[in-house]
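Here the structure comes first, spelled out in structure tokens, and everything after it is commentary.
The values are calculated or read from the model by the stated rules, or taken from the named source; none is laboratory data. These numbers come from a predicted model, not from an experiment. Cβ sites come from the backbone with ideal geometry, for glycine too, and all protein chains shown count toward neighbours. Just the protein is used for accessible areas: all its heavy atoms, side chains included, with ligands, DNA and RNA removed. Shrake-Rupley method; radii C 1.70, N 1.55, O 1.52, S 1.80 Å.
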Amino acid sequence: MNLQLIAHEDQAAHTDGLKTLAVANDADIAALAADQAFDGVERIELNFPKFTDGRAFSQALLLRRRFGFAGDIRATGDVLIDQLVQMARSGFTSAVLAQGVDPAAAERQFTRYAAFYQGDALQPQPHFARGADSTGATNEPGATAQIPSLPEPYASAIDLYAKPTPRFGEKLSEAIATLRQAAALGAMVQANSLGAEDMVMTHLINQHRLPISIFVLDTGALHVETLALLEQLKSQQAAHPNAPLTVYQPQQEAVVQFVAREGADAMRRSVDLRKACCALRKLEPLGRALAGQQGWITGLRREQSDARADVPLIDRSEIQRNGLTKFNPLAGWTWGDVWHYIAANNVLYNPLHDRFYPSIGCAPCTRAITQGEDFRAGRWWWESESAKECGLHVKAHSQDAPTSGRSPNEAAKEYGAHIRQPHSSRIAATSHKVTRPAT
């Protein structure tokens with residue numbers, strides 16, 4: 001499938017008589033799909049009103065991956081050369097170039113990249129899982145970008161993982177009871193990372209009409225798929241006044257100064273710099289999100305990592321230090337339990353989960369995992385492979401606290417707030433891996 005490039009002055013000649021729907025870049029794609037607005041439509045035009053407004057990328061991705069639109073998706077508006085590759089990867093199949101942009105120069109953009117490591121709208125598998133000729137890229141001078149055809153149906157996260165344990169019913173009742181106990185405590189908020197567990201938690205809060213606010217940390221470095229899910233969540237929560245959603249972002253000036261001083265890839269140079277980046281983008285806004293609260297709710301599960309293996313349903317260990325009680329209603333759930341609930345209740349989820357991203361953080365610090373790797377192997381993968389944490393769930397501990405045999409470097413892979421350090425009676429940790437069909 002070619003990405004058709006149309007010169008601004010030639011767009012009138014490329015209408016083709018197709019049934020076309022122009023969609024505003026602030027439109028809710030999910031709502032339009034629910035209203036059957038795309039039925040019979042052969043082309044959807046998505047607009048880029050200015051270079052800094054990229055909401056149409058998210059809309060294209062949703063149309064392809066979530067709603068299966070197979071017609072032409074055309075980019076219009078302020079379409080510049082350096083946007084074209086990402087447009088193709090997000091699902092666009094034609095683009096009307098901005099006035100003054102040379103089509104030949106635009107076409108050459110696609111000869112610069114032989115392949116992409118991460119999956120995208122048209123090729124969901126990460127590069128290591130694809131055949132040698134599956135990228136569709138070409139290095140022939142002046143060649144038009146060859147974008148791979150939409151893939152054949154493949155196993156989704158639901159297909160792969162939705163396998164509940166025998167005690168799922170009991171675990172669900174336990175989670176609901178824990179949420180009710182949290183709501184009864186007073187000012188309570190749920191930290192929604194936009195991962196599978198947290199989307200389940202928000203669904204339970206909505207379903208039982210619990211007076212629990214929701215917050216999301218938009219770090220400024222999230223995947224386009226995650227940002228698209230955030231937009232869906234905003235629309236969803238607008239219908240649930242009992243659970244209003246607030247989005248917290250880092251202090252922009254502090255982030256700008258850090259990047260100017262240390263560089264955009266500072267997190268790769270040392271653990272200390274990686275922690276500093278996490279502190280700016282996550283810990284500081286987290287402090288604002290938790291201000292004035294009696295407690296908070298997380299999606300921590302014991303199965304996620306060795307460092308989380310003894311997570312309690314209710315954690316009161318931080319009350320003396322910060323006055324907060326932490327509730328972990330899904331502590332005893334398995335990955336199969338989570339996906340069983342998502343499938344049974346049609347819960348929104350991040351399409352990156354379909355591409356072997358079980359744990360999703362900032363885009364520069366998250367990759368897909370391969371068969372047999374640990375659940376969190378795709379987070380900060382250039383560091384050691386144990387107890388990967390950004391700091392949201394790490395607690396202070398004494399120097400002589402046992403560390404389950406972890407090396408100092410492994411222990412350093414924590415940025416600050418979800419880890420409860422093991423006690424002397426802790427049982428031996430087990431390995432937590434995600435399996436999938438061999439590729």
Considering Cα pairs under 8 angstrom that are at least six residues apart, work out the relative contact order of the stretch 222-345 and quote it in whole percent. 17 percent
With 27 Å as the limit, write out which pairs from Lys171/Lys275; Lys50/Lys275; Lys163/Lys275; Lys50/Lys234; Lys234/Lys275; Lys234/Lys282 have Cα-Cα distances beyond it, or answer none. Lys171/Lys275; Lys50/Lys275; Lys163/Lys275; Lys234/Lys275
Scan the stretch 173-249 for trypsin sites (Lys or Arg not before Pro) in coil per DSSP, keeping those whose Cβ has at most 12 other Cβ atoms within 10 Å, and list them by number. Arg209
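Quick one: compute the contact order of the stretch 316-386, relative version, from alpha carbon pairs under 8 angstrom and 6+ residues apart, as a percent.
Reported relative contact order: 17 percent.
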Protein accessible area in the stretch 145-289, 1.4 Å probe - carbon and sulfur %: 55 percent
Please name whichever of Val256, Cys277, His223 sits farthest to the positive end of the charge dipole of the stretch 213-281, dipole taken about the Cα centre and charges placed at Cβ: Lys and Arg +1, Asp and Glu -1. Cys277
Quick shape check on the stretch 228-322: root eigenvalues a ≥ b ≥ c of the Cα gyration tensor, a/c under 1.5 is rounded, otherwise prolate if a/b tops b/c, else oblate, and it reads oblate
Could you list which residues have their amide H under 5 Å from that of Gly77, counting only those 5 or more apart in sequence or on another chain, with H placed in the peptide plane? Phe48
Karplus-derived HN-Hα couplings along the stretch 270-279 (A = 6.51, B = -1.76, C = 1.60, θ = phi - 60°), whole Hz, x at Gly and Pro: 6, 4, 4, 5, 4, 5, 5, 5, 4, 5
Between the stretch 238-292 and the stretch 309-368, the alpha-carbon center distance in angstrom: 19 Å
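With a 1.4 Å probe and all protein chains left in place, how much accessible area per residue does the stretch 295-342 have, in Å²?
Numbers: 1450 Å² over 48 residues.
Result: 30 Å² of accessible area for each residue.
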